[in-house]
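Read the structure below first, then the notes.
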Amino acid sequence: MFFRKSSPFADKDLLSVIQACRANDPRAQRTLFKQFFGYAKSICLRYTSSVEKAEDVLNEGFLKAFQHLDSYNETLPFKAWLRTILVNTAISHYRKNHRFEQHASLESGEQVAFDEDVVDQIAAEEILALVQQLTPTYRTVFMMHVVDGYSLHEIAGILSHNEATVRSNFARARQKLQQLIKQTHYVKTGSTASVPYHEN
């Protein structure tokens, strides 16, 4: 009977774990998975509407990471490399499952107000839970732009959408998020000043 020989590695030495993973050591792969599970799951949850869907993205993302470890540059942060793979995997899931989902563009000159004071009153974890209630399109565009720093022009290219539609989706995602926050926390405000956003 043939037994796979394990590669030596130290749990606390990330580079040695990665080297063992490159040699297809299952014990090292489990170690890497456990070490970055929480971080990876938090990213996947931002792009999905349920824990189950997040875990699907997470598992596929880790599989891709193991398959492409040879492309990882060890002089760069591993977290950033893994994050890119997970975000791309989440976007691929969106494109596959919501390919034909469309949202109307805003009318010319229409403004969507967003009150920062409302957002400041609740914790980041609560905001994330509310973001998960957005439609897949709104959630994806919002997370790509606000959290992962893609410009709206870049998002339009990645999702194969019209840029005007992406801008409308982002504006309406912010509006819907504010509505969800107000509904959840019964916040009443007397003004709704428009908040500008910076495009990278």
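At a 10 Å Cβ-Cβ cut-off, how would you order VAL147, VAL17, fewest neighbours first?
VAL147, VAL17
Compute the projected area of the convex hull of the Cα atoms of the range 14-97, averaged over all viewing directions, and report it in nm² to one decimal place.
5.2
Using a 7 Å offset from the Cα along the Cα-to-Cβ direction at both ARG27 and HIS68, what is the distance between the two label points in nm, to one decimal?
Here the modelled spin labels are 2.9 nm apart.
Applying a 10 Å radius around every beta-carbon, put 34-40, 170-176 in order of their mean neighbour count, most first.
Highest mean packing first, the order is 170-176, 34-40.
Can you give the local net charge around PHE78? Use residues other than it whose beta-carbon is closer than 15 angstrom to its beta-carbon, Lys and Arg +1, Asp and Glu -1.
Within the 15 Å Cβ shell, the charges total +2.
Taking 0.36 nm per intervening residue step and subtracting the Cα-Cα distance, what contour gain separates LEU15 from LEU128 on full extension?
37.5 nm
Alpha carbon centre of the range 132-181 versus the range 1-76: separation in Å?
29
Stretched out fully, how many nm does the piece from SER42 to ASN59 gain, at 0.36 nm a residue minus the Cα gap?
Computed gain between SER42 and ASN59 is 4.8 nm.
Rule-based calculations on the coordinates, nothing more; no lab input. Keep in mind the model is a prediction, meaning the values are calculated, not measured. Cβ coordinates were reconstructed from backbone atoms using ideal geometry, including for glycine residues, and neighbour counts include every protein chain displayed.
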